[in-house]
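Enquirer: This is the structure I want to talk about, given as structure tokens.
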Amino acid sequence: MTRNWLKILAVVAAVVVAGPASLAALDGFRGTGDLGIVIERGSGSVQIFETTARTRLAQVKGLGDLSHASAVFSRDGRYAFVFGRDGGLSKIDILAGKLVKRILQAGNSIGGAISQDGSLVAVSNYKPGGVRVFNSHTLEPVADIPAVYGSGGELSKVVGLVDAPGQRFVFSLYDAGEIWIADMSVPSRPVITKYKNIGELPYDALITDDGRYYIAGLFGEDGMAMLDLWKPEKGVRRIMDGYGRGEKKLPVYKMPHLEGWARAGDLIFLPAVGRHEVLVVEPKTWKEVGRIPVHGQPIFAVARPDGRQVWVNFAHPRNDTVQVIDTESLKIIHEFKPGKAVLHLEFTPRGEQVWISVRDADRVDVYDTRTFKRLQTLIANKPSGIFLTARANRIGL
């Protein structure tokens, strides 16, 4: 007994001295709740990190072209599915820090989603246009949904792919101006519902965090297309029609990401296409209730989890800056310049930290969201997207 107690005391002492980051090394286990990945587009790899002590844990290489990569997580947070621009779909075990499997499923991909029950992974493709669906455990193909439109049987690029309740995927056809819903209740026989003539060139889309509204941004015209997934029989309706009409248009250097929209309290914040503005929308009526002038063309407008602030980054050539909007006053309360090519922002689940990728400086910075003080810097090879495992339990992420 004495010998056993001495061993226990030695372990406790080691934990006190080493701190929480070493706990996994002592007992051989760890959870996934504070883990995440950052895309290293310069080396076709991802870094795995933890947010408790803000340290790098591992690097996984051999993931191909990650110049426009995104990721989703298995429902237990253990596996990350990374969608590469070259059509690669990679499954990574983030606890083991290794690549489980990688397939080349298309020639040019733009993103993906995981189904409500976690059993299916879908990839949206530019070439060939369409959506391909895979078994999340094995990455074996389950369904192929070509985005065929028009009398000539052309294939459209697919954008804005999200998961929706009811084991559905929703996506937009860029060339066709359509929104499709794929019901995957029987995975090998998807049921497709098509909504045509939604507007010109839908470039990206979002789904609200309750899974009800799917909204596609339109590059070819001012306005957005919205589908109520609770009442899909009512079809698509236009919202925010003409929000830029009558004003001088600016060149668009990079398309904003509508998946980087922000809901804060009773308001929604959207990056405006080709404008130096963030649009403020009232979601009950889906009408614009305000505009916030910002530093440049916004790419991501991301809400702190408590909804008190919205953090915004910008397109080239003004991409060295981050601005913080107070959601009560709708004023910019803080601005700072992390460095050239700020590409992505990701909050920890309770919002005490924000992780920011600074591509041209080859680093990821971590900031305290209360004091705006930089807490940590991690070296990374041309970092872009940052994804935390907390996304595993959120619709559309």
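The values are calculated or read from the model by the stated rules, or taken from the named source; none is laboratory data. If you're wondering where the values come from, they're calculated on a predicted model, not measured in any experiment. Reconstructed Cβ throughout: ideal geometry from the backbone, glycine too, with neighbour counts over all protein chains shown.
Enquirer: Where in segment 174-225 are there strands (runs of 3 or more DSSP E), lying wholly inside it, with at least 3 residues that are modelled with pLDDT of 95 or more and within 22 Å of the chain's Cα centre (by Cα)?
Expert: 178-183
Enquirer: Looking only at segment 299-334, filter to residues that are part of a loop (DSSP other than H, G, I, E, B) and polar (S, T, N, Q); which one of those is surrounded by the fewest Cβ atoms within 10 Å (Cβ to Cβ)?
Expert: Here the answer is S329.
Enquirer: Sticking with this structure for a sec: Just to be sure I understand, how many residues within segment 305-344 are over 20 Å from V289 (Cβ atoms) and of a type in the set (S, T, Y)?
Expert: Total satisfying the criteria: 1.
Enquirer: Could you go through segment 44-63 and let me know if any residue there is acidic (D, E) and within 18 Å of the chain's Cα centre (by Cα).
Expert: The answer is no; no qualifying residue exists.
Enquirer: Looking only at segment 27-37, decide whether some residue is of a type in the set (D, E), surrounded by 15 or more Cβ atoms within 10 Å (Cβ to Cβ), within 26 Å of G351 (Cβ to Cβ) and in contact with an Asp or Glu (Cβ under 8 Å, 6 or more places away or on another chain).
Expert: yes
Enquirer: When you look at G296, is it over 15 Å from the mean Cα position of the chain (by Cα), small (G, A, S), under 28 Å from T51 (Cβ atoms) and part of a loop (DSSP other than H, G, I, E, B), yes or no?
Expert: Spelling it out, it is not the case that G296 is over 15 Å from the mean Cα position of the chain (by Cα), small (G, A, S), under 28 Å from T51 (Cβ atoms) and part of a loop (DSSP other than H, G, I, E, B).
Enquirer: Out of S156, S119, S115, S136, report the one residue that is closer than 19 Å to S90 by Cβ, touching an Asp or Glu at 6+ places or on another chain (Cβ under 8 Å) and among the small types (G, A, S).
Expert: S115
Enquirer: Next up: Residue check: is V324 of a type in the set (A, V, I, L, M), at pLDDT 95 or above, under 17 Å from A272 (Cα atoms) and under 17 Å from the mean Cα position of the chain (by Cα)?
Expert: Considered against the rule, which asks whether it is of a type in the set (A, V, I, L, M), at pLDDT 95 or above, under 17 Å from A272 (Cα atoms) and under 17 Å from the mean Cα position of the chain (by Cα), V324 comes out as no.
Enquirer: Of the residues I292, I333, which single one is out of contact with any Leu (no Cβ under 6 Å at 6 or more places or on another chain), more than 23 Å from V46 (Cβ to Cβ) and of a type in the set (V, I, T)?
Expert: Matching residue, one of I292, I333: I333.
Enquirer: Okay, next question. Could you grab me the full set of residues in segment 158-179 that are surrounded by 22 or more Cβ atoms within 10 Å (Cβ to Cβ) and closer than 14 Å to L201 by Cα?
Expert: Across segment 158-179, the qualifying residues are V158, V159, G160, F171, S172, L173, Y174, A176, G177, E178, I179.
Enquirer: Collect the residues in segment 104-157 that are hydroxyl-bearing (S, T, Y), over 19 Å from the mean Cα position of the chain (by Cα), crowded, with 16+ Cβ neighbours inside 10 Å and closer than 28 Å to G62 by Cα, keeping them in residue-number order.
Expert: Once the filter is applied, which keeps residues that are hydroxyl-bearing (S, T, Y), over 19 Å from the mean Cα position of the chain (by Cα), crowded, with 16+ Cβ neighbours inside 10 Å and closer than 28 Å to G62 by Cα, segment 104-157 yields only S119.
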